[in-house]
Structures are given as C-alpha cells and as structure tokens.
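Comments concern the structure below.
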Amino acid sequence: MTAAFIHIKNLLRIFPLLILLGACAKQKKIFQSDCNISKDYKKISFTELVNHIEKYDKQYVEVSGKYKEGNEQSALFNDSLFSNHDLHNALWIDFSQDCPLYLPGTHIGLFTYNDGQFTQMNKRKVTIRGVVDVSDKGHLKQYKGTIDRVSFIEL
C-alpha cells in the first residue's frame, strides 16, 4: 500500500468522529421579534459602535459581544481579550416587552421557563439587533449608550 492510500484510510476512520463532534457542539439559538422586521440594519463591530456611537444614534444595528446580566445589569461588552471591559465601554441592553423574542415557529420565548430552566445568556457571546440610543446611558448612567427595542438575538 502506498503512503497516500494509508493516509486516506486513516482519515476515513476518523471522519465519523469529526461529524459526531460537530453534531454535539452547542447549537446556536436565534430568538426574533416582529419589531423592526421591515427595517434594514447595519452590521458593525463592537469597537466601531462604541468609538463612534453618536454616528449610529437612532439607527438599527447588528453587533456582537459578550452579554452579562446580573443585579442591575443587562449589558453587552467587547468580547476581545485586548479591550477595555469597564462599564463606560459597554452598552446597556434594553429588552422591551413591546418586542417579545421567540424561537421562530414556536411559542418559546427568550425569557420563558422551558425544559426546567430559563435560557442561559450570561457571559455568552451573542449577536443582537436593535436601535441605538445615545441619550440613554443605562443603569446609573454608567454605559456608553443603549441598544433598545432588541428584535433579534443569536446565542
């Protein structure tokens, strides 16, 4: 047998394992609302949004980062290890009851108790779409601005 044939044979042995590992990886969940469904959004980086937030005021954007929740906290932080993670460089996230978020085709909401637990978002990378509000600085006015009327979140 040639070396190439042996190499291909070994790859074929581990291929099913790679497929199984991919299937076991955590699947992303997308929750959506009918709010802002007809609006176009701008996909921008977290750094771009925070550094030039006035430019995006009242605009519908999509941005990714690490979501943190807690006592008096609902915020999106830059998920880069090399960035400043203080509150003044974070965005307050305001989930509105006017824009309920559901898994498409279901009645399972983002904040619904399901399968014995609530949807876990804390300290996870998320992608969010919503309207930027520079005048709202969040809890105790500590944040760079707010993403309001969130109508899409991918966990």
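The values are calculated or read from the model by the stated rules, or taken from the named source; none is laboratory data. What you are looking at is a predicted structure, and each value in this text was computed from that prediction instead of being measured. Glycine also receives a Cβ, built like all others from the backbone with ideal geometry; neighbour counts cover every protein chain displayed. When the accessible area is computed, the model is the full protein with side chains, heavy atoms only, and any ligands, DNA or RNA have been set aside. Shrake-Rupley method; radii C 1.70, N 1.55, O 1.52, S 1.80 Å.
A few notes on this one:
- Residue in segment 25-34 that is open to solvent by 70 Å² or more (accessible area, probe 1.4 Å) and among the acidic types (Asp, Glu) present: yes
- Residue, nearest to Tyr56 (Cα to Cα), within segment 131-155, restricted to residues that are in a loop (DSSP other than H, G, I, E, B) and of a type outside the set (Phe, Trp, Tyr): Val134
- Residues of segment 111-131 classified as in contact (Cβ under 8 Å) with a residue 60 or more places away in the chain and under 13 Å from Ser74 (Cα atoms), total: 2
- Which numbered condition Ala23 misses (of (1) at pLDDT 95 or above; (2) out of contact with any helix residue (DSSP H, G or I) (no Cβ under 9 Å at 6 or more places or on another chain); (3) over 16 Å from Asp133 (Cβ atoms)): (1)
- Residue selected from segment 44-80 under the condition of a type in the set (Lys, Arg) and under 15 Å from Val134 (Cα atoms), by the criterion nearest to the chain's Cα centre (by Cα): Lys58
- The residues of segment 96-107 that are open to solvent by 50 Å² or more (accessible area, probe 1.4 Å) and more than 15 Å from the chain's Cα centre (by Cα), listed by number, are Gln97, Asp98, Pro100, Pro104, Gly105, Thr106, His107.
- Qualifying residues in segment 114-130 (those that are in a strand (DSSP E or B) and closer than 17 Å to Gly70 by Cα) - the one most open to solvent (accessible area, probe 1.4 Å): Lys125
- Residue that is touching a residue at least 12 places away in the same chain (Cβ under 8 Å), open to solvent by less than 50 Å² (accessible area, probe 1.4 Å) and touching a Leu at 6+ places or on another chain (Cβ under 8 Å), where the choices are Ile44, Ile147: Ile147
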